[in-house]
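The values are calculated or read from the model by the stated rules, or taken from the named source; none is laboratory data. No experiment lies behind these values; they were computed from the predicted model shown. Cβ atoms come from the backbone with ideal geometry, glycine included; neighbour counts cover every protein chain shown. Accessible surface is based on the protein model in full, side chains and every heavy atom, while ligands, DNA and RNA are left aside. Shrake-Rupley method; radii C 1.70, N 1.55, O 1.52, S 1.80 Å.
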Amino acid sequence: MTGAPSVESAVDAVEYGAFRYLTKPVVTKNLCDTVVRAARLHTLERLKRLAQELPGGTGRRLGERAALEVCFSWATRLIWMAFQPIVDWKARRVFGYEALLRSDEPLMSNPAELLDAAERLGRLHDLGRAVRARVAAAASAPECAGTKLFVNLHAADLSDEELYSTDAPLSKIADRVVLEITERASLQGLKGVAASVARLKALGFQIAIDDLGAGYAGLTSFTQLDPEVAKLDMSLVRGIDGDPRRQHIVRSMKGLCDDLSMQTVAEGVETPAERDMLASLGCHLQQGYLFGRPERRFRAPTW
């Protein structure tokens, strides 16, 4: 740390093995973040070195798992929820907000990395419980009063008994919650899916199929989940204003969902042209950057 920065001193610092080169006046948050990150990386490296010294050739695998455990534990303590508006374009009102997982842990800032770690460590239930607790805590904000909260649910969460507890934080506001189960993940191998969904609905939850058009779901998934909401994947929405084939598919999907008494939400709307085309096809519930990006607070959408 220096009050007289120069190229020469920066080079010297790197040669001595400095983690970061900070110039004065130092912003307190930057200093704290740097120290925390350095400490964590040091712990990871130490665990790797210890593991590599284990006999029998298993050290590297154990070391990687130990490092992953440490990083995952830090990441779960630092998770927070971002909320993106879902709008009723025709009525010009907020229909709900989707809660999206985030973490301030630099080594697992990508939600996909956090989910992958949870799956590899067998801790999907721990992550799911942490997410649901945070959504429930945020639900009392006046900005989202009277709106639906869409919460992503990993298929494996269906085997977590805490999900069905009437004392669980999210169960207490179940009548406002739509649980999204992605079409990208197969339900094969899960037992009693229909019965599990029935238990959730008995608590007051609604069910949505997420990413419709992008994954495994077919008649079997619809039968098992019996969803009230279908969310059209952004791959169907992107550029729909200039693609007759996408228009035909979305029109047909919307018609089928109407016949099944399911609401349809179009995801990934980014341009006014996409918005207007979807509206002409009857898809008035829309979500995407055009209306608002995911943020820590419940922000009003951009009309």
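Structure above, values below:
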| read-out | value |
| --- | --- |
| Odd one out for residue 86 among (1) open to solvent by 10 Å² or more (accessible area, probe 1.4 Å); (2) β-branched (Val, Ile, Thr); (3) at pLDDT 90 or above | (1) |
| Residue in the stretch 168-176 that is open to solvent by less than 20 Å² (accessible area, probe 1.4 Å), touching a Phe, Trp or Tyr at 6+ places or on another chain (Cβ under 7 Å) and under 21 Å from residue 228 (Cα atoms) present | yes |
| Residue within the stretch 125-139 that is free of Cβ contacts under 8 Å to residues at least 24 places away in the same chain, more than 11 Å from the chain's Cα centre (by Cα) and in a helix (DSSP H, G or I) present | no |
| Residue 7 being of a type in the set (A, V, I, L, M) and in contact (Cβ under 8 Å) with a residue 12 or more places away in the chain | no |
| Only listed residue being under 19 Å from residue 240 (Cα atoms), assigned to a loop (DSSP other than H, G, I, E, B) and among the acidic types (Asp, Glu), chosen from 270, 274 | 270 |
| Unmet requirement for residue 226, which otherwise passes all of (1) open to solvent by 40 Å² or more (accessible area, probe 1.4 Å); (2) farther than 27 Å from residue 170 by Cα; (3) touching a residue at least 12 places away in the same chain (Cβ under 8 Å); (4) not β-branched (Val, Ile, Thr) | (2) |
| Test result for residue 174, over 15 Å from residue 203 (Cα atoms) and in a helix (DSSP H, G or I) | no |
| Count - residues of the stretch 1-49 that are open to solvent by 80 Å² or more (accessible area, probe 1.4 Å), in a loop (DSSP other than H, G, I, E, B) and either at pLDDT 80 or above or not hydrophobic (A, V, I, L, M, F, W, C) (or both) | 5 |
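To keep it simple, each residue is scored yes or no on (1) outside any loop (DSSP other than H, G, I, E, B); (2) of a type in the set (A, V, I, L, M, F, W, C); (3) modelled with pLDDT under 95.
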{"site": "60", "(1), (2), (3)": "yes, no, yes"}
{"site": "67", "(1), (2), (3)": "yes, yes, yes"}
{"site": "91", "(1), (2), (3)": "no, yes, no"}
{"site": "95", "(1), (2), (3)": "yes, yes, no"}
{"site": "107", "(1), (2), (3)": "yes, yes, yes"}
{"site": "112", "(1), (2), (3)": "yes, yes, yes"}
{"site": "149", "(1), (2), (3)": "yes, yes, no"}
